[in-house]
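K.L.:
The structure that follows is given in the form of structure tokens.
The numbers here are math on the coordinates, done by the rules we state, and not lab data. Worth saying up front: this structure is predicted, and the values here are computed from it rather than measured. Every residue, glycine among them, receives a Cβ derived from its backbone with ideal geometry; neighbour counts consider all protein chains shown.
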Amino acid sequence: MLADRYAMPIMAISSNKRGAQSGVALLVALIMLIAMTLAGLALMRSVDTSNLIAGNMAFQQAAINSGDAGTETASAWLEANNTGNTLWTSNLPQGYAANRQDPSAGQTWDAFWSNVLVPAGQVITLAQDGAGNTVSYTIQRLCNSSGDPTSTGTDCAVSQTAGTSTGSSKGAGVIALNFSSAIYYRITSRIVGPRNTVSFIQAVVAL
């Protein structure tokens, strides 16, 4: 009888320990499950962000490639009108300014484009291409004022005076090589693409 009297409490104590251990294991499992869930969500968000960044970079690169159309179109217009004094004066409806124009201090090119060039009517917009990019361009002669580029007051980037070299393949000073310096024109293209991407490219053409 004594053996039976002490056996029951011993069995009850053993049962309580197993229950306590099961409760702790369940709590640890729940904590691990929550941690793994949060880690999975963070990983999914990181992957989505990376894909979004990669997609935006691809759209931006495609926009830059499309900007070549603006440069080529503007270059063709300059070559076709590079006769006489046609390029001495501005032709804003054709996107051409005979004097240099730059954003003011602290002004971005996008703000300068939208607030100055577009209202002045000196932006040419091409048809949207197959990639969904819309290209616009403007041309500025790199002179401080319009007029004859050979004039001192026009103050072009390169003076339109003839130069003479002092050397040749036959030896220095034997044969003089004459040349005329070129006029520089800056072509600025603005490309608006999918996902509201906006890119600018600039090219300088010498004629």
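K.L.:
Hey, fewest Cβ within 10 Å first, where do Leu33, Leu126 land in order?
P.N.:
Values: Leu33 10, Leu126 16.
The order, fewest Cβ neighbours first, is Leu33, Leu126.
K.L.:
Suppose the chain between Ser104 and Ala120 were pulled fully straight at 0.36 nm per residue; how much longer would it get relative to their current alpha carbon spacing?
P.N.:
4.2 nm
K.L.:
For Asn144 and Ser46, what does the FRET efficiency come to when R0 = 45 Å and r is the distance between their Cβ atoms, rounded to the nearest 0.05?
P.N.:
0.30
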